[in-house]
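Beneath this line is the structure, given in structure tokens, with notes to follow.
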Amino acid sequence: MKDSNPSTEPIGQNLIKLISNLCFSVFVFFVLIITVIAITYQPPDPWLESAPALTKLFTESENATFQNDNSILRTGEDLTFGKAESPASGPVGVSITEAVIAKTEERIANLTLKSDSGCDESRVLNCSDPQVLLAVEKFNLRVFKSIVFVDYQTPVNGSKEEECDVSWRFRNKKEKSWRKYRDFRRFRLGVGENCTYKVVHAGGWHSGINARRSRSRINNATKGRPSSPKIAPPVQDEEINDTIPSLGSEMNFRKGKYLYYSRGGDYCKGMNHYLWSFLCGLGEAMYLNRTFVMDLNMCLAATYNPSNKDEEGKDFRYYFDFEHLKEVASIVEEDVFLKGWKKWDRSHKRKLPVRKVVSHKMTPMQLKKDKNTVIWRQFDAPEPENYWYRVCEGQAANYIQRPWHAIWKSKRLMNIVSEISGNLDWDFDAVHVVRGEKAQNKELWPHLNSDTSPDAILAKLKEIIQPWRNLYVATNEPFYNYFDKLRSQYKVHLLDDYKELWGNKSEWYNETMNLNNGRPVEFDGYMRVEVDTEVLYRAKTRVETFYNLTKDCKDGINTC
């Protein structure tokens, strides 16, 4: 058979080879196409995608958004971070608990038994008697369950024989920080069981004016001068230290390593955009083990200003806790840094070693081993290439962690929050009502305007909150009387009810004016957002606009 058809086998082999070569050619062709696509393809930038995609990206990963939702803002003290809860520089310490009070009560009882002086119910009240403080501590612990009492001052006499004024420091249980606040109240006391004291009546927030610690830090220039009896200066929060640190000696400056970001396209953007970019830069500095050069000057976006114009000349310290930032991160103020840099260059022949980086595509990983004193990132490209946060995109996102724990709201603003909450005796409910531009945009929020009408709000609140409770309304609604209908069922409180807390006789006014070289500081829209937000968080029952008052989605139609 083989001899009868000698050409059959070579034809089959050639056909197989031809098919194999063809398949291989097709495979190589597809590999080339895929390679070209891989080289030239640029993945979509999530920052430039639609609003819903942007919101999803932030809320699922980093809890931030660039949308113009200026009605609520979270910072480090609202979130659970280990560093924020117990930083080395600010330990929480021992609080006044029932166990501590029980030990004190036992010790006082033993001393009373030893003295065996009997019980004289008509005795004159001695406010320095340890039993007085014990009675106040027990009363406060029973009444104010949402706060932690840190320490007390010895009670002093009130305005009447049966009254004592008591001062203490406390923390709020809902605040994830170690910061302490002060209250002082007036108590009327009587004699209870076993001849111990009991609180008959307690005054309101800051009613114990005799226990109010006077301003002890007096300028040397005023020492020895007679003080005016008509002027009672407000008490300064002496725990705030937001002074700008110096660089130290020239040699210390030279030994340091710095990361310097020039101003980019983030300037005058929304505050959430600012924080997202700022924390990118600070996170890169931490990754590189360098000191971050920080510009305290800020530009507040138009959305937060009544004039609807961007406003420059704002100070970081108006809005955020600079003292805390100094404690948890290595930073230097920009003007101080630039003066030190110029001084070094003038006094030394050898200039300061500087590496200029003109593109955000130079990754932090590529700069990790750089030995130059200054790494100077410059952002001169057009938007959005000149946004600081671009440095932390791509692979860098796996290495740079934004230090959210470093950003706390200003202690001065938080003092206002405590004033409002304390005036309500920490026993109030709150409703967050978002209106403004969203209520006017029927395309994205078709039901919001009607769902946040006074009648609709009142109907919903009746289902959730008991009548005649203290009700704080956190809102961006500009008309004060808009919520008057709620007053038929609740004791309504709005931020504008507390204008004296930032008025021209307030502690906040005086201290911010000192930061602003003697010029008054406006209590702007962003400050209102911060205070409203924090009071809202402290409510016992909280009603939100989205998911409670309306079925509209927070970020527009079809984004829930």
May I ask you to compute the full-extension gain from Ala397 to Glu477, defined as 0.36 nm times their residue separation minus their alpha-carbon distance, rounded to one decimal in nm?
-> 25.0 nm
For Glu477, enumerate residues with amide H under 5 Å from its amide H, sequence gap 5+ or separate chain, H modeled in the peptide plane.
-> Arg435
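Please arrange Glu77, Glu383, Glu522, Glu477 by accessible surface area, largest first, computed with a 1.4 Å probe and ligands excluded.
Details: Glu77 0, Glu383 105, Glu522 80, Glu477 25 Å².
Solvent-accessible surface, decreasing: Glu383, Glu522, Glu477, Glu77.
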Accessible area of the stretch 299-451 divided out per residue, in Å², using a probe of 1.4 angstrom | 47
Under a 5 Å amide H to amide H cut-off, with H placed in plane at 1.01 Å, what residues pair with Glu522 once short-range neighbours are removed?
-> none
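Run through the stretch 273-355 and list the trypsin sites (Lys or Arg not before Pro) located in a DSSP loop whose Cβ has at most 12 other Cβ atoms within 10 Å. Intermediate values should be presented prior to the final figure.
Working: sites: Arg290, Lys309, Lys314, Arg317, Lys326, Lys339, Lys342, Lys343, Arg346, Lys349, Arg350, Lys351, Arg355; in loops: Arg290, Lys309, Lys349, Arg350, Lys351.
The qualifying sites are Lys309, Lys349, Arg350, Lys351.
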In vacuum, with every alpha carbon of the stretch 425-503 counted as one equal point scatterer, what does the Debye formula give for log10 I(q)/I(0) at q = 0.11, 0.14, 0.19, 0.23 Å⁻¹? Two decimals, please.
-> -0.31, -0.49, -0.84, -1.13
Under Karplus coefficients 6.51, -1.76 and 1.60, residue-wise ³J(HN,Hα) of the stretch 259-271 in Hz, glycine/proline x = 10, 10, 9, 6, 5, x, x, 6, 4, 6, 7, x, 5
Residue by residue through the stretch 383-395, which ³J(HN,Hα) values in whole Hz follow from phi under the Karplus form 6.51 cos²θ - 1.76 cosθ + 1.60 (θ = phi - 60°), with glycine and proline marked x?
-> 5, x, 5, 9, 7, 4, 5, 4, 4, 9, 8, x, 4
Can you tell me the relative contact order of the stretch 331-428? Whole percent, Cα pairs under 8 Å, sequence separation 6 or more.
-> 20
Largest-first principal axis extents of the Cα set of the stretch 509-560 (Å) | 49, 28, 11
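Can you pick out the pairs among Lys174/Lys442; Lys180/Lys499; Lys180/Lys505; Lys180/Lys326 whose Cα atoms lie more than 29 Å from each other?
Numbers: Lys174/Lys442 36 Å; Lys180/Lys499 23 Å; Lys180/Lys505 23 Å; Lys180/Lys326 18 Å.
Distance filter (> 29 Å) returns Lys174/Lys442.
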Long-range amide H contacts for Lys257: which residues qualify at under 5 Å (H placed 1.01 Å from N, peptide plane, sequence gap of 5 or more or a different chain)?
-> Thr291
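In whole percent, and with a 1.4 Å probe on the protein chains, what portion of the accessible area of the stretch 443-515 is carbon and sulfur? List each step's numbers first, then the result.
Values: 1970 of 3890 Å².
Roughly 51 percent of what the probe reaches on the stretch 443-515 is carbon or sulfur.
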Is the stretch 312-355 best put as rounded, prolate or oblate by its Cα gyration tensor, with a ≥ b ≥ c the root eigenvalues, rounded for a/c under 1.5, and otherwise prolate when a/b is larger than b/c, oblate when not?
-> prolate
Enumerate the lysines that Lys349 could reach by cross-link, defined here as Cα to Cα under 27 Å, with residues fewer than 8 away along the same chain left out.
-> Lys255, Lys257, Lys339, Lys369, Lys371
Enumerate the lysines that Lys198 could reach by cross-link, defined here as Cα to Cα under 17 Å, with residues fewer than 8 away along the same chain left out.
-> Lys138, Lys160
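The values are calculated or read from the model by the stated rules, or taken from the named source; none is laboratory data. Quick caveat, the model's predicted, so the values are computed rather than measured. Ideal geometry is used to build each Cβ from the backbone, glycine not excepted, and the neighbour counts take in all protein chains shown. Just so you know, the surface numbers come from the protein's heavy atoms only, side chains and all, with ligands and any DNA or RNA stripped out. Shrake-Rupley method; radii C 1.70, N 1.55, O 1.52, S 1.80 Å.
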